[in-house]
Each structure stands twice: as structure tokens, then as C-alpha cells.
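Engineer: This structure is in C-alpha cells; I'll ask about it shortly.
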Amino acid sequence: MRMSKQKAIVCAWAWLACALPAVALAQGRDTVRVARVDTDTLMKHVRVLSSVQCEGRLAGTVGYDRAMAYVKQALSAYGVEEIGEQPMEVECNEVESCTFDVYLPGSKEKTVYTLGREFCCAGMTGRGYVDAQMVFCGYGIDHSTMDEYRDVDVQGKVVVVLTGLPVLSALPGQVASQYQSLRDKARTAERHGAIGLIAINTSRLCPSGEPQSRVYCGGLPHLATFPMLQLTLDCARELLADEARPLDSLLARENETWTPRSFALRKKAEIDLNARYRPQAATANIVGLLPGSDRKLAKEYVVVGASLDGAGMQGATCLFPGADINATGVAALLETARLLSHSELRPGRSVLFVVFSGSEQQYLGSRVFMNTYGHLRRVEAFVNVQNVGYGDSLVVLGGNHYPTLYDIARRYDAMPCCGTRMMAAADAQAGVRGDARAFDAAGIPSLVITTRNGMHHNHVGSDIWETIDRRVLTGAAQLLVGTVAGIGQGDYQGRSMKSRAGRY
């Protein structure tokens, strides 16, 4: 009997998860034995999860489901028990194709831009075809103190805006918050009669020549027939080079004071975008339990979490592999499960492994876990691992609120087997972020293991496994294993009675 292609892939991944190197042990401090992580095993996980088969792991898609199947198979192979799912629904928008051409009226010549090279679509773009003149409207703000639509006509045209907000402006805070997302800017443009939006990515955290995708684009409602593109900074420079006001001169004004400098471009834009939008696509967290070795302590849990979903794939030419963000975090979680499952290493407390979906949509998965998991009072600590494949050093966030947990991490970071040191103590003062926020808000002691200066490949196509710094990834995984092992022992006293008094 022939197996289906998808089943064959899952079986191959399951075999890969089982065929792992033997564990090498190193004697840790006190009574805890810490296993040395295997870099090749970590990289195998990263390669699979950032492969074309996983299609960028957009929550609610087949690509995410394939990645989820791989993670479940690996956890099972490592001896993690009671592996299940926490189902949820997410907003999902799959861009199937998009073309973007620019031309001067009356000219037969067109400048053709490539999806994934010079531009990408906004995560929650609408579909549709437009062929219209472009109008630059600054940051797309319509307010009495900064009306960038006042002196231009955008009826039936495509509005070009800058992402974000001006650094220097007289906008009240509550007004500025209304223009932070692309959906906010698109709704304003549509209200003025525009039929599409082109955003210029001005983020300093993104290379000027790479398209950068964000799944979350702001709150509902969805603009179903309103195309939204995002250009690279280099592409925008070319687009405005022969217009009345080049881009760099416009951006330079921001360093002094930003005043509306809207104008109509000579060029027209032709956009043909096809996207399949689902307001309630099915996805799920993965939850697996490794029972503790101590009969009494086994009733207490240490939760290890990492987000799995990514920015996905657009058309056939635009893939956001998500190797660092966050295949590396999931790989470190899986390696922790592999090493701690050995009887001589298993902590006294039970370890709950949670792989979150919906992180690209305001960390939905962690909020779903907190709202639906029935044993939160048993959770003594949460350790999140995020983006640990690139950067100049490791960072452990949360030490300002939870110094006891931070001291455990610092102790294991000093072990020779770690090989990578955490940052200076001052960096421990930063609060937790990402999926850890939901745990922290509930009073559960939390840490986040991540890197410093590691966002160079943030949601861009170059976030591939070949760019991963093996030394940083290995050090982060080693630190995670040691920290979880340390928290899992009886010498960690757990949560305070005050935190346990919260409602769940």
C-alpha cells in the first residue's frame, strides 16, 4: 500500500527525530547533572522547521500543520507523555499571487517589481486589481494637528505612506495610537476615497533591501477588497527618485520637524493581488508532559514554552522561513525534552512543554493556554525561549521581577559546558516579553532566554538556517536545559503564597 506524500513526510521526520546522537553528560554543581546539548541535533530541527515544506509556518495553514506534526513526533520520540493540542481560531490570510508594476501615463514601458524581492503584501491585505495614480501622504495621518490629506486628492487613487509614526510631531498619544498599524492607515485612506495602499518600510531593524512581513496589521474590520503592499526602503527610493520630492529628502525632514508634505506622483501603479482570507482558521498549541521523578514534587510543573508560527509564504517567490524566529526556540525546547527525559537527569518536578501558535497575532497562543489550562496553580515557573540563533550574546529577561529564577540561570550559565555567557547584570532589569507576558501577568515567575542584537533577520526572507550562529544556538539550548533542570529540583521553593491567591 502506498503512503500519501504528507504521511511519508511525517514518517520521515519522525525517523529523523529518533535517529539522534547519544547523550554526553557533564557533572553540574550541587546534585543536578546537566547533559551537554548536541549542536547537530539542534540544527536538524531548525532545518526542517524552516524548510520550504513548512512554508513559513503561518498559523492556520498546511505549512504550520506540517511543522506541528514534526514537533509532536519529536516530543513523542523523546519520551514526553500526554502530548495533546489546544485548539484555537486565528485570522488567516494566504496571499496566493501578487503583481506590482509602475509606469508613466502614456508610456508603454513598465517597471516590474517582484514579490519577495522588492516588496511583499501586508499580512492582512485585501485582494483586488487596481490601476491608478499614486499619491504620497506622509504617515497617512488625518488629524487637525497633522492633516496629510488636506491638500491632495486621493479619490480613486493609490496612497503611498511611511510605516510607523513621525518621531517629532504634535500628535496627542491617543491620536498617534490610531495610526500605528497598516490597517489604521488603510482605513483612513479608504475613507478619503483611495482604492489601495503602498507602505514604505522605514524600520531601522530591517535591512533596506529586504521585504519584511508582519502577520498582525491592526484590529478588525478586514478590508477585503483593499490591496496593501509594503515596499523595501531601496525600492521606495527608486520609486521616488525622479519625482518632485525624493524619499531621502522627505525622511531627512523628520529629523527636524515633520509637517505634511503630501503630493501626487507622476507615476501610476498597477496591482493585481489574489488572497484567501479566513477570519477563523483552525490552529493549535502543542502541550506535552514529562512527569517528574519525585513523587511529591511531580505534582508541581515547570513550563517551557516557544512559539512555532511564523510569517508564512506569499505566492511562489516570497518565503519567510523563520529559522531564527523561531525555529531556534522550538529546537532548544525539543533538545531540552530529549535530554531531560533520561531517568538519571529527569527533574523532581514535572516539566510541561508548550509550543505556541498565534504568536504573530499578539501572542494569542499563550493567552489561550492561560485561559484554558486547568492546572495553573501547579505551575511554579515559566521559561520562554525565543530567537536564539543570531546575535552577539545571550540575554535572560525577567531578573528584575524574579531574581531567584535569574540566579538559577546565571549559575548554570557559569558552567563550563554552556560555552556562552549571559549579558551583564544590568540587562537582567528588562522585563519579560512575548509569550511570557501572559504568565507574568498571572503572577507566575517567568524568564525569557533570547539574544542581544539578534533581530537582523526579523521576519525577512534571509532568515534561513544557513545564517544561524551555531555557537549562540548551542549556548542558549545549554542554558535552557540547565535552567529548567535547576528549577525542577526541590531547592527552588516555587511561587509565593500571594501569587497562588490569584484567580485562574
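Engineer: Please list, ordered by first then second residue, the pairs with beta carbon atoms under 6 Å, 6 or more apart or interchain, first in the stretch 258-273 and in the same structural domain as Cys98 (by TED's automatic domain parsing), second of a type in the set (Lys, Arg).
Structural biologist: Once the first residue is in the same structural domain as Cys98 (by TED's automatic domain parsing) and sits in the stretch 258-273, its partners that are of a type in the set (Lys, Arg) give Leu273/Arg127.
Engineer: Something else about it: If you go through the stretch 130-145 one residue at a time, how many are assigned to a loop (DSSP other than H, G, I, E, B) and of a type in the set (Phe, Trp, Tyr)?
Structural biologist: Going through the stretch 130-145 one residue at a time, the tally reaches 1.
Engineer: Does at least one position in the stretch 17-28 carry a residue that is part of a helix (DSSP H, G or I) and either modelled with pLDDT under 95 or touching an Asp or Glu at 6+ places or on another chain (Cβ under 8 Å) (or both)?
Structural biologist: yes
Engineer: Something else about it: Quick one: count up the residues across the stretch 180-214 that are of a type in the set (Asp, Glu) and either part of a loop (DSSP other than H, G, I, E, B) or in contact with a Leu (Cβ under 9 Å, 6 or more places away or on another chain) (or both).
Structural biologist: Here the count works out to 2.
Engineer: I need the full set of residues from the stretch 49-95 which are assigned to a strand (DSSP E or B), crowded, with 20+ Cβ neighbours inside 10 Å and touching a helix residue (DSSP H, G or I) at 6+ places or on another chain (Cβ under 7 Å), in order please.
Structural biologist: Result: Met88, Val90.
Engineer: Let me ask another. Among the listed residues Phe119, Phe136, which satisfies the condition of being within 25 Å of the chain's Cα centre (by Cα) and within 18 Å of Thr163 (Cβ to Cβ)?
Structural biologist: Phe119
Table: residues versus (1) part of a helix (DSSP H, G or I); (2) crowded, with 17+ Cβ neighbours inside 10 Å.
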site	(1), (2)
Leu265	no, yes
Lys268	no, yes
Ala282	no, no
Arg295	no, no
Gly310	no, yes
Ala316	no, no
Ala332	yes, yes
Leu345	no, yes
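Engineer: Among (1) closer than 27 Å to Ala236 by Cβ; (2) in contact with a Ser or Thr (Cβ under 6 Å, 6 or more places away or on another chain), which single condition is Lys108 missing?
Structural biologist: Only one criterion is unmet by Lys108, namely (2).
Engineer: Right, next: Looking at (1) surrounded by 19 or more Cβ atoms within 10 Å (Cβ to Cβ); (2) polar (S, T, N, Q); (3) touching a helix residue (DSSP H, G or I) at 6+ places or on another chain (Cβ under 7 Å); (4) farther than 26 Å from Thr145 by Cβ, find the lone condition where Ser213 falls short.
Structural biologist: Every condition holds for Ser213 apart from (3).
The values are calculated or read from the model by the stated rules, or taken from the named source; none is laboratory data. Quick caveat: nothing in here was measured; it's all calculated off a predicted structure. Cβ coordinates were reconstructed from backbone atoms using ideal geometry, including for glycine residues, and neighbour counts include every protein chain displayed.
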